[in-house]
1. Compute the distance from the alpha-carbon center of segment A:179-249 to that of segment B:94-141, in whole Å.
2. Given labels modelled 7 Å from the Cα in the Cβ direction, how far is it in nm from residue A:204 to residue A:336?
3. Nearest-to-axis residue of chain A, judged by Cβ, for the A-to-B rotation, with distance in whole Å?
4. Could you please report the charge total around residue A:316, scoring K, R as +1 and D, E as -1 over all other residues with beta-carbon less than 14 angstrom from its beta-carbon?
5. Just add up the charged neighbours of residue B:261: K/R +1, D/E -1, any other residue whose Cβ is under 11 Å from the Cβ of residue B:261.
6. Lysines within cross-link reach of residue A:105: Cα-Cα under 22 Å, excluding same-chain residues under 8 positions apart?
7. Spelling out what I want: for every residue of segment A:112-117, take phi, set θ = phi - 60°, compute 6.51 cos²θ - 1.76 cosθ + 1.60 (Karplus), and round to whole Hz; glycine and proline get x.
8. At what distance in nm do the modelled label points of residue B:283 and residue A:344 sit from each other, each positioned 7 Å from its Cα along Cα→Cβ?
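FYI, it's all coordinate maths here, none of it is from the lab. Here the structure is a predicted model, which is why all the values come from computation and not from measurement. Note that each Cβ is placed from the backbone with ideal geometry, even for glycine, and that neighbours are counted across all protein chains shown.
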2 protein chains.
Amino acid sequence: MPTFPFEIPDLSVFSSAGGAEEGVAFADAMFSLFILFLAAKIGEEVFRRINQPGVIGELLGGFIVGPFALGLADVNVTAEVFAELGVVILLFTVGLEVRLDDLLKVGPMAIAVGTIGFILPIIAGLGIGLAIGEDVLPAALIGLALAATSIGITSRVLAEMGVLDRAFSRVILGAAIVDDILALLAIGILSGLAEGDLGPETLVTLVAGVAFVGIGLALAPLGRRLPRKLFVWPKFADTPVVPVFILMFAGALLAQFVGLAAIIGSFVVGLFVAETPVREEVEHGFRSLLGIFAPFFFAVTGANIDMSALLQPNLLVIVLVLAVMGVVTKLVGGIVGSWRLGKWNSIVVGLGMSPRGEVGIVVSALGLSLGLIGQDIYAVLLAAVILTTLVAPFTLQWGIPKAPRGERHGGEEAGAAV
Amino acid sequence: MPTFPFEIPDLSVFSSAGGAEEGVAFADAMFSLFILFLAAKIGEEVFRRINQPGVIGELLGGFIVGPFALGLADVNVTAEVFAELGVVILLFTVGLEVRLDDLLKVGPMAIAVGTIGFILPIIAGLGIGLAIGEDVLPAALIGLALAATSIGITSRVLAEMGVLDRAFSRVILGAAIVDDILALLAIGILSGLAEGDLGPETLVTLVAGVAFVGIGLALAPLGRRLPRKLFVWPKFADTPVVPVFILMFAGALLAQFVGLAAIIGSFVVGLFVAETPVREEVEHGFRSLLGIFAPFFFAVTGANIDMSALLQPNLLVIVLVLAVMGVVTKLVGGIVGSWRLGKWNSIVVGLGMSPRGEVGIVVSALGLSLGLIGQDIYAVLLAAVILTTLVAPFTLQWGIPKAPRGERHGGEEAGAAV
């Protein structure tokens, strides 16, 4: 029998009984996915039965089975990928629901909300940072971590309440784009300052980010002229779902590549597809994808919450101050930036902008890796970021019913008049 | 500023820019998934345009971007999980297409095909093993690795050709269940023999496996009495898709837990759901899930092919002999076991049974870990297993058009007469 040296293919995909390390990792990953999904759905069920936001139930379900509580589910790379695809698909479907023209009409308002709501948290964070004895750069980083909105949770609540067509929803979505571009710039400047070289790459990154969103928005109207045939020309495509899935995935990766959040990419692709004749087919086909993937985002977010930060009194104070400042500054940004929508509509905009997420966590991780902050501030920032996220479904559910539809003098239709 | 020791939550799900190790693994996993999916679809497109089976294009696409060729995509645990969910969903949807009564009607025939087609490869493998100088136990293991059919590829080809309703398809599906139960028993006996203790666990495992399939089949008719309401009672469920997804996932994990292939579990759940009033809704809702997940199974299978085994003349001979014996023995099993279907219909059954997959690879890995075989035989077995899989789409596409529909004396309807 000859012996030979060639590599043994890694076939652990099949290792239902294989005892190899990869086989175990695989079985763990499958089991964790199942547990996270089940916990999210049970959590949602319980919360909806007591008339609370389903998304909080999903977060809590994830937390309960996650590593910081029962430890039944492991948040491994696979769970993270499902979570990311979940929020990417969520923002894509939100993009599908938005008419581009409507979004552009609220453009100036979105820029105002996004910019004010970005600068105020930085000032507040800088102040708090200096007050607890940090240097200017670390203090600025604390502010930056609280500056950028994550619209995953807000989108879900808006969709659940059936208000994606309202002006405040469009302002929130537009402002989140503005916000993400500003964060891209700010992260570039801050890491340049921290490393002592504010090179031309910062500018290149910013230009790439703006160009990505700009080209996406500019291309979207072209979608109107595309025939359905274009989406189903491949023989593998009976429906446009698979080609559009590829497009969405590519958009998300491309956004990430230029330094933006992946969800901005899928949102822009969603805006584009919304203008094409296949919108309804895609909306329909993506319903089950959304139903299967999105719960992973909320369950994993919940599973990552380390509540122990909230159990230590001295830290809890800092966390609470940061979280409250985070909510208040966004609220001011919303009210000032979109006052023309009327009092309650602009309050809803502010509430919708308050959840922080990926960018805040990325900034915190960056600060840690640059040595600007220590493990303590890192954990405090994460807890504050998560807190701003947890309160949003409740505040939105409280605020939205108060916001009048189509109110005269700064009502719903004001967006069109801006 | 207080310092504190609590654990930093693993939030790398958000690390679009995070430089941590997990962040890299995450970005790699996302990128690999995209590349595998894209390659599968391009491969399918090319093959369908030249009138060849699309599934071979998907396999080849995966191979080309995989670690044994261009190396663009990494077959990590995440890709494996997507692949497994892909084949689990595939067999679930196949189960949805099958009427339980039709399956039970071909029961005796399926048992004959499954049993003959299981015993013959073991005898052949044993002979070849002894001929190349192995001991009895390793030689038996070689046979066992070639004994169990994997119907992932066959199912896809049958679905693609629109012949899932024909008698030969039902015989293949039934025989694959029989086959998998026999493999469960044989693996238990063989590892007992190799470890010198053939304990009662072997029996327990077998009973659990038979009980799982038996209870599943027995429960299926009850599905007819279930109201649709039962599937949409949760508030989170507008459609039955999410509850049924949970059921399917649970079935797959349960099957794996009792020692069967996960796909047997999802197939049985599919049979059950097929009997309920929600069948069409579920079929419809699962279409996009199938479209997104299934390509990963074929791309990952392709990416795992180490063609170098086929480049070494002396090994190639053994690989080819094993593969040819593998195909021939299943063909004999099909013809003898289902001769009543008529010549070509029974040939199609044999051809459909020829692809080996997960079980063959699990048996090989088991042999390696028990020290029964070395790395060389392990690689040869994997190559032979993969070869039996690669030829099936071609032979099926060649054989199926020749098989008469509803032929007198042993034609299509013979299944009902058995």
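1. 52
2. Between residue A:204 and residue A:336, the simple spin-label model gives 3.5 nm.
3. In chain A, the Cβ lying nearest the symmetry axis toward B is A:78, 2.
4. Working: positive: none; negative: A:306, A:376.
Computed value for this residue: -2.
5. In short, -4.
6. Result set, ordered by chain and number: A:330, A:343.
7. My calculation for segment A:112-117 gives 4, 4, x, 6, 4, x Hz in order.
8. 4.8
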